[in-house]
Amino acid sequence: MVQGERELVSDCRSLAKFELRGIPPMAAGAARVRVTYQVDADGLLSVSARELCSGVEASIEVKPSYGLGDEQIAQMLQDSFKTADIDMKARALREEQVEAERILLATQSALDADAELLSEGERADVVRLLDVVRSQAHGEDHVAIKAAVDALATGTEEFAARRMDRSVRSALAGKRLDEV
């Protein structure tokens, strides 16, 4: 948990850390964590986190061990105003890099499982789009990363539809209409 007005965690003041352990392995982005913050009348901050599928839960209480003076608060606010544009760009870049990592993993996993649903040419096109996302993800242009991610998402729509069709056919195989 951090305190501050900046866009990136690394630019804020750390108050406490806790880990939510024991979550079973899941695909990237599949875990759903509900975080609850509560401040009591004495300024005691309680934070709890619960992974919704497994029910794994953790909590921590952050006691105010030191306070910020008015001068420190004013300085933090001034810093946040001075760096707002840079901070927002850095945040946008990191968000797009995370999305690029997510779609790269998901697409590669889909290719590993169902590449035979694509022709050689289609597979080559998907691999080319993956390579573009990989190269852009290492850059500093969040707009270019987003464009590459969007192109990959669009370029794999037909592949996703074929995978879905296969899954539906497999689920319905051998069943009568009245069983569905």
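Overview of results
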quantity: Sequence of Phe81, Phe159 once ranked by neighbouring C-beta atoms within 10 Å, starting from the fewest; calculated: Phe81, Phe159
quantity: Cα-centred dipole magnitude for the chain, charges only on beta-carbon of K, R (+1) and D, E (-1), debye, nearest 20; calculated: 520
quantity: Calculated P(r) over Cα pairs in 10 Å bins from 0, in percent (choose from (i) 8, 21, 25, 23, 14, 7, 2, 0; (ii) 9, 36, 33, 13, 6, 2, 0; (iii) 10, 35, 28, 16, 8, 3, 0), label; calculated: (i)
quantity: Listed residues Ala41, Ser80, Ser10: farthest to the positive end of the dipole of the stretch 2-82 (Cβ charges); calculated: Ser10
quantity: Residues in the stretch 96-140 reached by a label modelled at Ala147 [backbone nitrogen below 17 Å; 7 Å Cα→Cβ]; calculated: 96-97, 100, 129-140
quantity: The stretch 11-162: relative contact order in percent, alpha carbon pairs under 8 Å with at least 6 residues between; calculated: 17
quantity: The chain, helix-only ellipticity at 222 nm - DSSP H runs n ≥ 4, -39,500 (n - 2.57), divided by all residues, nearest 500; calculated: -17500 deg cm²/dmol
quantity: Proximal charge balance of Arg34 [Cβ under 15 Å; K/R count +1, D/E count -1]; calculated: 0
quantity: Selected from Val62, Val149, Val133 as most flexible by GNM, with the chain as the system and alpha-carbon contacts under 10 Å; calculated: Val62
quantity: Under-5 Å amide H pairs with Ala31, H placed in peptide plane, nonlocal only; calculated: none
quantity: Whole-number percent relative contact order across the stretch 2-82, with pairs defined as alpha carbons under 8 Å at least 6 apart; calculated: 25
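Each value in this text was obtained by applying a stated rule to the coordinates, not by laboratory testing. This one's a predicted model, so the numbers in the text were calculated from it and none came from an experiment. All Cβ positions, even for glycine, are placed from backbone atoms using ideal geometry, and neighbour counts span all protein chains on display.
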